[in-house]
Every structure is written in structure tokens, then in C-alpha cells.
1. With the requirement that a residue be in contact with a Ser or Thr (Cβ under 8 Å, 6 or more places away or on another chain) and either surrounded by 24 or more Cβ atoms within 10 Å (Cβ to Cβ) or of a type in the set (A, V, I, L, M) (or both), what does region 63-75 give you?
2. Given the condition within 27 Å of Phe133 (Cα to Cα), out of contact with any helix residue (DSSP H, G or I) (no Cβ under 8 Å at 6 or more places or on another chain), surrounded by fewer than 23 Cβ atoms within 10 Å (Cβ to Cβ) and of a type outside the set (Ser, Thr, Tyr), answer yes or no: does some residue in region 261-276 qualify?
3. If you take the residues of region 348-404 that are in a helix (DSSP H, G or I) and among the hydroxyl-bearing types (Ser, Thr, Tyr), which of them is surrounded by the most Cβ atoms within 10 Å (Cβ to Cβ)?
4. Which one of these does Val393 not meet: (1) touching a residue at least 12 places away in the same chain (Cβ under 8 Å); (2) over 17 Å from the mean Cα position of the chain (by Cα)?
5. Quick check on region 346-365. Is at least one of its residues under 27 Å from Ala51 (Cα atoms), free of Cβ contacts under 8 Å to residues at least 24 places away in the same chain and either in contact with an Asp or Glu (Cβ under 9 Å, 6 or more places away or on another chain) or not aliphatic (A, V, I, L, M) (or both)?
6. Take the residues in region 104-115 that are among the β-branched types (Val, Ile, Thr) and closer than 13 Å to Ala330 by Cβ; name whichever of them is surrounded by the most Cβ atoms within 10 Å (Cβ to Cβ).
7. Only residues that are touching a residue at least 60 places away in the same chain (Cβ under 8 Å), open to solvent by less than 70 Å² (accessible area, probe 1.4 Å) and either of a type in the set (A, V, I, L, M, F, W, C) or assigned to a helix (DSSP H, G or I) (or both): list them for region 121-144, please.
8. Just to be sure, is Ser118 in contact (Cβ under 8 Å) with a residue 40 or more places away in the chain, out of contact with any Cys (no Cβ under 8 Å at 6 or more places or on another chain) and open to solvent by less than 10 Å² (accessible area, probe 1.4 Å)?
Amino acid sequence: MTHQKLLPGSVLGGMLLIAGSCIGAGMLALPILTGLAGFFPSLSMLLIAWAFMAFTGLLLVEVNGWFTGQVNLVSMSKEALGQKGRWAAWFSYLFLFYSLLVAYIAASGSIFSAILDSLFHIFIPAWAASLFFTALFGWIVYLGTRPVDLFNRILMVGLIVTYLGMIALGISRIDPQLLLHSAPKYTLLSLPVLVVSFGFQNMIPSLTAYMKGDLRRVRLTILGGSLITLLIYLVWSLLVLGVVPFEGPNGIQESYERGEEATIALRATLGSTWISYFAQGFAFFAIITSFLAQGLTLTHFLADGFKLPPIRKHLRWLCLLALLPPLFFALYNPQIFFKALSFAGGICAMILFGILPVSMAWVGRYRRKHRSNYHVSGGKPALIIALLFSLLVIGCELARIFSF
């Protein structure tokens, strides 16, 4: 294999792409899950999740340097680990997309029902709102990449404005006493969702091509973009956990038991205020942008798997195959939001963004003696620690699923 030619790239643009790919509807779950343990105990989990995902992301940069031309995670897994690696990546991707869509559709019901009620005084049950949401925005996915891209740009502006509005108006409402709540036994519960909330690894091959093969610039992009994401998550958790009490009606504990995301608890605590309106808008934009991105990605992933060109004739059936199964699960269990996100992070993301990058780096470095323009420091001990961490999170998630 030959190294790619080094040419300049836009580090700032890459950082924003990384941050944009991470920030979405998964952010709505973070304060509730981290709030169970408390702000300060969960802060360590937030930092650990960031460090782990940044490390495995950098491993993929190193692996990407073994190839000429643009590749994807599935082809990288096949090259490094053989056909078994390819199938592990393929099925992990598939279950990750489906799990995320189940979570987003489940959360959309309560979000859209509340919006219709507050703006138009129209009450519809959450299941009907989820059905309407999936039909409307599934149709946009069916229209293809260009309409999704144009619509998503408008939504991203709304997402940024509503987030900044919430923070600006909410900082003064923070009660420091609420931040002192501590229940360390819940600390590991948030790890799977924290991990998937830093999920940018699938973008690394595209970023490498965008940077014209300059792997050191890709490294700066990953570190900078993930740090921006870390800061945004930190401020968001500080706001919600400093305003919403742990116990009582619409508190953190009750929100978790109901499967309700953070902005619902924030609005219920603050009442009808500008902050609550911004929170409602933020949830609206976050859920749609995430749904459109994952829906379109899964549709194209299925097209690639079935060797079908993503043209209008095929997109109709591909969209139905992508959206109907998660819609069924979300309607069957509307409280599945946290469980679906936890499965996505605890199982799928840990295999895809944890075990596979570590395995590829190990095989490439120490068995096949590949060399890349960029090498992640830490050697075998760092790879072993990352592998053990991945297995720990998977074990915790399996214990939750089977209630050990």
C-alpha cells in the first residue's frame, strides 16, 4: 500500500463537520441519564467517553493511512480482519442505524404532540404524532440527498439559535444545590449513550479525502471537533441538572422512568417561559435533523448492501425497509427512547467504534507491519485498555438488557 499525497485541508471546516455529526437527538437523553448519578459523578464518564472515542477515532485515521483512495469502515474491516470483520462491521452498522431510528421515532411522539398542543391547541396522542412524524419526514428522505441537505441547513440554523437561546436565558436559573446530587451507583448507566453521542468515526474516511490525505490535519480536526462537542454537552448538562430537580413530578428520576427526554422536564419545571419555548424548539430541530441524517444514511446503506442504485424507483422500497421496522418498535413501546439509545451505544457503537478499530490497528501494526503517515501513541497497552473498556461497556449493557 502507498501513502496518500499530503495537501492542505480546512481544519476549522472539518471540526464543524465533526461537531455537527455528533450533536443531535442523542443530546436530549444525556442530562436525564447523567442526572441519575449526579452532575459531578457523571462528569468523569463524560470525559472518559470523549477520550475513548477520540482515541479510537485516531486509530481509524492511522488505519485509513494504509489505503490509497477513499474507503469506508466496512471495506477497512474486511482488509484488516477478513470477511468476518466485514460482516461484523456491516451488521453493527445496520443495528446501529435501526436502534437510533427507533429512539428518534419514539421521542418524536411526545415532542410533536406537545408542540401541536402549545402552538395550535390541538391534542393528538403520542403514537399518532410519531406516525405523522415518520410519514412526513420519511417522505423527505424519499425525495433524496439534495432535498434533505437543503432542508437540513435550515434546521441546523434553528438548532443553533434555540440552543444558544436556552443557554443565554437559563444560566441565571441554575440552582447550585441541585448540582450536588450524587448517586455513584448509576454512574455507568450513562456510558453507552455518552459513547454514541461522540459517534463521528464513520466520517473519518470522508474527512481524510476532504483533507487530501493530510492525516495530521485530520487528527487536529478530530480533537478540535470532539472538544467542541464535549463543551456543548457539558454546558447543556449543567443547565438541565441545575434547573430540574432529581425527585418529584417531572424530575430527573421520573423522566427516566417515563422515557421522556430532557426538554420535557425542563419545560415542565420552568412553566410557560421563553426558556421552555427555546427548549421545545431545540428538541424539535434536534429530532428532525437526526432522523433525516440517519434515515438517509440507512437508505443508502441498504442500497449498497442490496447492490441497488439509489434511484427513485428503488428508494420507495428502501425507505419503507429503513423506516417501517423502527416505527413498529417505537409504536409498540413508546418508552423505548433510552433503551434504544443505550443498545445503540452499548452494543453496536462499541463493536463498530471500539472493538473493530482496536483490532484493525493491532493486526495492521503487529502482524502485517503496515505503516501510516500518522501513528497513534500508546502502543499495545493503550490498545488493550481500549479493548477492555469496550468489553466493560458491552457487559454493562448486556447486564441491563437481561437484568442481571
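1. Looking only at region 63-75, we keep the residues that are in contact with a Ser or Thr (Cβ under 8 Å, 6 or more places away or on another chain), and these are 63-66, 68, 70.
Matches in region 63-75: Val63, Asn64.
2. Scanning region 261-276 turns up at least one residue that is within 27 Å of Phe133 (Cα to Cα), out of contact with any helix residue (DSSP H, G or I) (no Cβ under 8 Å at 6 or more places or on another chain), surrounded by fewer than 23 Cβ atoms within 10 Å (Cβ to Cβ) and of a type outside the set (Ser, Thr, Tyr).
3. Residues of region 348-404 in a helix (DSSP H, G or I): 348-367, 379-402.
When the remaining residues are screened for being among the hydroxyl-bearing types (Ser, Thr, Tyr), the result is 359, 366, 390.
Working: Ser359: 20, Tyr366: 12, Ser390: 23.
The residue in question is Ser390.
4. Of the numbered conditions (1) touching a residue at least 12 places away in the same chain (Cβ under 8 Å); (2) over 17 Å from the mean Cα position of the chain (by Cα), the odd one out for Val393 is (2).
5. Just the residues of region 346-365 that are under 27 Å from Ala51 (Cα atoms), to begin with: 346-365.
Filter again for free of Cβ contacts under 8 Å to residues at least 24 places away in the same chain, leaving 362, 365.
If we keep only those that are either in contact with an Asp or Glu (Cβ under 9 Å, 6 or more places away or on another chain) or not aliphatic (A, V, I, L, M) (or both) too, we end up with 362, 365.
Checking region 346-365: at least one residue is under 27 Å from Ala51 (Cα atoms), free of Cβ contacts under 8 Å to residues at least 24 places away in the same chain and either in contact with an Asp or Glu (Cβ under 9 Å, 6 or more places away or on another chain) or not aliphatic (A, V, I, L, M) (or both).
6. Let us first name the residues in region 104-115 that are among the β-branched types (Val, Ile, Thr), namely 105, 111, 115.
Filter once more, so that each one left must be closer than 13 Å to Ala330 by Cβ: 105, 111.
On the way: Ile105: 29, Ile111: 26.
The extreme case among them is Ile105.
7. Filtering region 121-144 for residues touching a residue at least 60 places away in the same chain (Cβ under 8 Å) gives 126-127, 130-131, 133-134, 137-138, 140-142, 144.
After this cut, where a residue has to be open to solvent by less than 70 Å² (accessible area, probe 1.4 Å) as well, the list is 126, 130, 133-134, 137-138, 140-142, 144.
Answer for region 121-144, where residues must be touching a residue at least 60 places away in the same chain (Cβ under 8 Å), open to solvent by less than 70 Å² (accessible area, probe 1.4 Å) and either of a type in the set (A, V, I, L, M, F, W, C) or assigned to a helix (DSSP H, G or I) (or both): Ala126, Ser130, Phe133, Thr134, Phe137, Gly138, Ile140, Val141, Tyr142.
8. On the way: in contact (Cβ under 8 Å) with a residue 40 or more places away in the chain: yes; out of contact with any Cys (no Cβ under 8 Å at 6 or more places or on another chain): yes; open to solvent by less than 10 Å² (accessible area, probe 1.4 Å): no.
It is false that Ser118 is in contact (Cβ under 8 Å) with a residue 40 or more places away in the chain, out of contact with any Cys (no Cβ under 8 Å at 6 or more places or on another chain) and open to solvent by less than 10 Å² (accessible area, probe 1.4 Å).
The values are calculated or read from the model by the stated rules, or taken from the named source; none is laboratory data. Keep in mind it's a predicted model, so treat the numbers as computed, not measured. Here Cβ is always computed from backbone atoms with ideal geometry, including for glycine, and neighbour counts include all displayed protein chains. For the accessible areas, the whole protein counts, side chains as well, though only heavy atoms, and no ligand, DNA or RNA atoms are used. Shrake-Rupley method; radii C 1.70, N 1.55, O 1.52, S 1.80 Å.
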